[in-house]
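J.: Next up is a structure, given as structure tokens.
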Amino acid sequence: TDKPFVGIIQGHGEPAIADLAQAREALSILYTVMPVNLDDEEVDLSQFKTLAWVAPTDSIPERHFNRLEEYMANGGNLLVAINRVNGDLQTQSGSVVNTGLETWLKTKGIEVEPAFVIDNLAGNITVQQKQGFFIVNTQVPFPFLPLVRNFAEHPITKGLEQVLLPFASPINFTGTEGSFTPLISASAKCSQVQAPTYFDVINKKWSESDFPMSNLTLGGVLESLPGGGRLIVFGDGDFPVSGQGGQTPDNVNLFVNSVDWLSDDTGLIELRTKSIASRPIDEAYLGDEAAGKRNTVKLLNFGLPILLVILYGIFRSRRRMNLRMKRMQESYL
């Protein structure tokens, strides 16, 4: 049978479909994935089970939103991964992104704030530090790269363990129409920084007092809308882009699962195999107060193999000595 169609919206500075190679490959098992240009009036949007809109950067004309309104009013589903802010580590600066998509989402009651979520549980960046005469590369946690392990009980997030959201923004639902369900949230120790801002990567010493907030919503689903269409919004547009997740393949799984769930009217999403992607370090070992625990684990990891080698050497040495003594006694007799 013919596969249903899934469209990836293009034409507003979005990543090319080639930049979503891992997601496209996974989706191609069940769907025919096609680029969609909303300027092309000949394209019948109703043929698509789901449209995905990832990280537009250019201004979007009103007529494109009108086409989406019509699509959703006829039962169409939309997945939006939006960059409300932009972080640039080269210039160490963060700025607001305005495309018009944020304004359209607001008409649905979904406000993506022009702010950066910072999290005590975060991904690492490489910084250069001077030690004596040498420049060394050091991996340091960077709170502007939240590591998400806070997932709702939902088919979309089933089996997921960890997602990296670089430069994400918080989402608030203020609408009166439809039912909004948060899907992913920041950790119990998080906060937000309004854009524009400056990243003090080298000198800033983060402490728990920098993270007075908890469980900020980073993604959710809006359903029970007129026409039956469903809308998923994530406050980061980069997470499904190939290579952005690094060692977090669940980035792609979150995107693919979202398309599956939106497109699914048969229960097939439950049949996708969910493999274990990572074994994240327990949060109990990550804070400053857990330095003693971490040092104990490091000492055991480093010292235990050495101790075992020494004990084995002593055992071998004593065994050889006993055999030598036994042979000497036998020859004497």
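The values are calculated or read from the model by the stated rules, or taken from the named source; none is laboratory data. Keep in mind that what you see is a predicted model, and the values were worked out from it rather than measured. Here Cβ is always computed from backbone atoms with ideal geometry, including for glycine, and neighbour counts include all displayed protein chains.
J.: Determine whether the range 46-57 contains at least one residue that is more than 24 Å from Gly178 (Cα to Cα) and buried (at least 21 other Cβ atoms within 10 Å of the Cβ).
T.: The answer is yes, given that some residue of the range 46-57 is more than 24 Å from Gly178 (Cα to Cα) and buried (at least 21 other Cβ atoms within 10 Å of the Cβ).
J.: Next question. Check Gln128 against each of (1) under 30 Å from Pro226 (Cα atoms); (2) at pLDDT below 95; (3) touching a strand residue (DSSP E or B) at 6+ places or on another chain (Cβ under 7 Å) and name the one condition it does not meet.
T.: (1)
J.: When the range 168-180 is examined, which residues are found to be of a type in the set (S, T, N, Q) and surrounded by fewer than 17 Cβ atoms within 10 Å (Cβ to Cβ)?
T.: Asn172, Thr174, Thr176, Ser179
J.: Inside the range 55-90, can you point out the residues that are without any contact (Cβ under 8 Å) to a residue 40 or more places away in the chain and of a type in the set (Asp, Glu)?
T.: Glu62, Glu69, Glu70, Asp88
J.: Another question, then. Is it the case that Pro212 is free of Cβ contacts under 8 Å to residues at least 40 places away in the same chain and either surrounded by fewer than 13 Cβ atoms within 10 Å (Cβ to Cβ) or under 20 Å from the mean Cα position of the chain (by Cα) (or both)? If you could, list the steps in order and put the result at the bottom.
T.: Working: free of Cβ contacts under 8 Å to residues at least 40 places away in the same chain: yes; either surrounded by fewer than 13 Cβ atoms within 10 Å (Cβ to Cβ) or under 20 Å from the mean Cα position of the chain (by Cα) (or both): yes.
So Pro212 passes the test.
J.: Identify all residues within the range 111-146 that are aliphatic (A, V, I, L, M), part of a strand (DSSP E or B) and closer than 18 Å to Phe167 by Cα; write none if there are none. Talk me through it step by step, then tell me what you get.
T.: Of the residues in the range 111-146, the ones aliphatic (A, V, I, L, M) are 112, 115, 117-118, 121-122, 125, 127, 135-136, 140, 145.
Restricting the remaining residues to those that are part of a strand (DSSP E or B) gives 112, 115, 117-118, 122, 125, 127, 135-136, 140, 145.
Hits for the range 111-146 are Val112, Ala115, Val117, Ile118, Ala122, Ile125, Val127, Val140, Leu145.
J.: Answer yes if at least one residue in the range 117-133 is basic (Lys, Arg), surrounded by fewer than 21 Cβ atoms within 10 Å (Cβ to Cβ) and over 30 Å from Glu208 (Cβ atoms), and no otherwise.
T.: no
J.: Residue by residue through the range 107-147, note down the ones that are in contact (Cβ under 8 Å) with a residue 24 or more places away in the chain and either charged (D, E, K, R) or outside the structural domain of Ala195 (by TED's automatic domain parsing) (or both).
T.: Lys108, Glu111, Glu113, Asp119
J.: Any chance the range 152-172 includes a residue that's among the aromatic types (Phe, Trp, Tyr), assigned to a strand (DSSP E or B) and closer than 26 Å to Val256 by Cα?
T.: no
J.: If Lys3 meets every condition in (1) part of a strand (DSSP E or B); (2) of a type in the set (Lys, Arg); (3) at pLDDT below 95 apart from one, which number is that one?
T.: Of everything listed in (1) part of a strand (DSSP E or B); (2) of a type in the set (Lys, Arg); (3) at pLDDT below 95, Lys3 misses just condition (1).
J.: Any residue at all in the range 30-45 that's more than 20 Å from the chain's Cα centre (by Cα), part of a helix (DSSP H, G or I) and buried (at least 20 other Cβ atoms within 10 Å of the Cβ)?
T.: Scanning the range 30-45, I find no residue that is more than 20 Å from the chain's Cα centre (by Cα), part of a helix (DSSP H, G or I) and buried (at least 20 other Cβ atoms within 10 Å of the Cβ), so the answer is no.
J.: Could you identify the single residue in Glu102, Glu25 that is outside any loop (DSSP other than H, G, I, E, B) and either under 29 Å from Ser179 (Cβ atoms) or touching a His at 6+ places or on another chain (Cβ under 8 Å) (or both)?
T.: Result of the check over Glu102, Glu25: Glu102.
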